[in-house]
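The structure appears right after this line, and notes come after that.
What follows draws every value from the coordinates through simple rules; no lab data is involved. Note that the structure is a prediction, hence the values are computed from the model and not measured. Here Cβ is always computed from backbone atoms with ideal geometry, including for glycine, and neighbour counts include all displayed protein chains.
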Amino acid sequence: MRLFVGLGNPGPQYSGNRHNIGFMAIDRIAARWNFPSWRARFAGETAEGEIGGVRTLLLKPKTYMNESGRSVAEAARFFKIPLPDIFVFHDELDLAPAKVRVKTGGGNAGHNGLRSISPAIGNDYARVRLGIGHPGDKDRVHSYVLSDFAKAERGWVDCLTDAIADNADLLAKGDVPGFQNRIHTALEAKGFIAPKKPGERDED
């Protein structure tokens, strides 16, 4: 079984925030793969189904971002899901908008959700880093992530979450390079990200 976790804050006042793009991605996956209705469990909301034939549990912690680890740990423990099968979808300030990178382990880069999860379950789970860009000043980060996406950003947000949902089967099957490439291609085709230059490598 895979565990796909989307990070965000609960409540309608946060639903459009940049910090909630993890929730947005998981909601789109649930709709695309016809998951059943959400169920209150593990201090969060869960839905269980299959993605490309792979049994998958979707989880949206309802603990607020800073306590996400409690919810993730409860779900992982109950289903005995090992760290390599856990994928956490979260906003990433250090990636340009619409970029996606999947990384296992590493630091938390100041992200409070990851900072809560790692002590609760260990560090070697996969982070699905969803680029939202940086406001340019560290003193503006808090207000930036807790503000809604601007109207001009909604096009790439919809395209990105659609591409994630459409290609979630690749991630579920462990084809991380294929997943990243398909998303890049989808966003490039819509003009939301620039094409790679010859020999250009993805940043970490």
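Here the chain is scanned for GluC sites (Glu not before Pro) in DSSP loops (not H, G, I, E, B) that have at most 11 other Cβ atoms within 10 Å, and the longest stretch holding none of them is 1-199. Residue by residue, the stretch 148-163 carries 3J(HN,Hα) couplings of 5, 4, 5, 4, 5, 8, 5, x, 6, 4, 5, 5, 5, 5, 5, 5 Hz when phi is fed to the Karplus relation 6.51 cos²θ - 1.76 cosθ + 1.60 (θ = phi - 60°); x denotes Gly or Pro.
Annotation: amide H of Arg41 within the under-5 Å range of Thr46, sequence separation 5 or more or interchain, hydrogens built in the peptide plane. With a ≥ b ≥ c taken as the square roots of the eigenvalues of the C-alpha gyration tensor of the stretch 100-204, please select rounded if a/c is under 1.5 and otherwise prolate if a/b is larger than b/c or oblate if it is not? In terms of gyration-tensor shape, oblate. Secondary structure note: in the chain, about 55% of the DSSP beta bridges are antiparallel. Listed values for the stretch 25-30 are Karplus-derived 3J(HN,Hα) couplings in whole Hz (6.51 cos²θ - 1.76 cosθ + 1.60, θ = phi - 60°), namely 5, 5, 4, 5, 4, 4, and x replaces Gly and Pro.
With a simple spin-label model that places each label point 7 Å from the Cα along the Cα-to-Cβ direction, the separation between Lys173 and Ala152 comes to 3.9 nm. Take the alpha-carbon centre of the stretch 137-193, take the same for the stretch 1-64, and report the distance between them in whole Å. Taking the Cα centre of each part, the stretch 137-193 and the stretch 1-64 sit 16 Å apart.
The ellipsoid that matches the Cα gyration tensor of the stretch 2-189 has semi-axes, each √(5λ) in whole angstrom, of 22, 19, 16, with the longest given first. Of all aspartates and glutamates in the structure, those lying under 16 Å Cα to Cα from Lys138, and not within fewer than 8 positions of it along the same chain, are Asp91, Glu92, Asp94. Each of the trypsin sites (Lys or Arg not before Pro) that DSSP puts in a loop and that has at most 10 other Cβ atoms within 10 Å breaks the chain; the longest unbroken stretch is 81-200. The label point for Asp166 and the one for Ala109, both projected 7 Å from the Cα toward the Cβ, are 2.4 nm apart. The gain in end-to-end length when the Ser37 to Asp124 segment is fully stretched comes to 28.3 nm, 0.36 nm per residue minus the alpha carbon separation.
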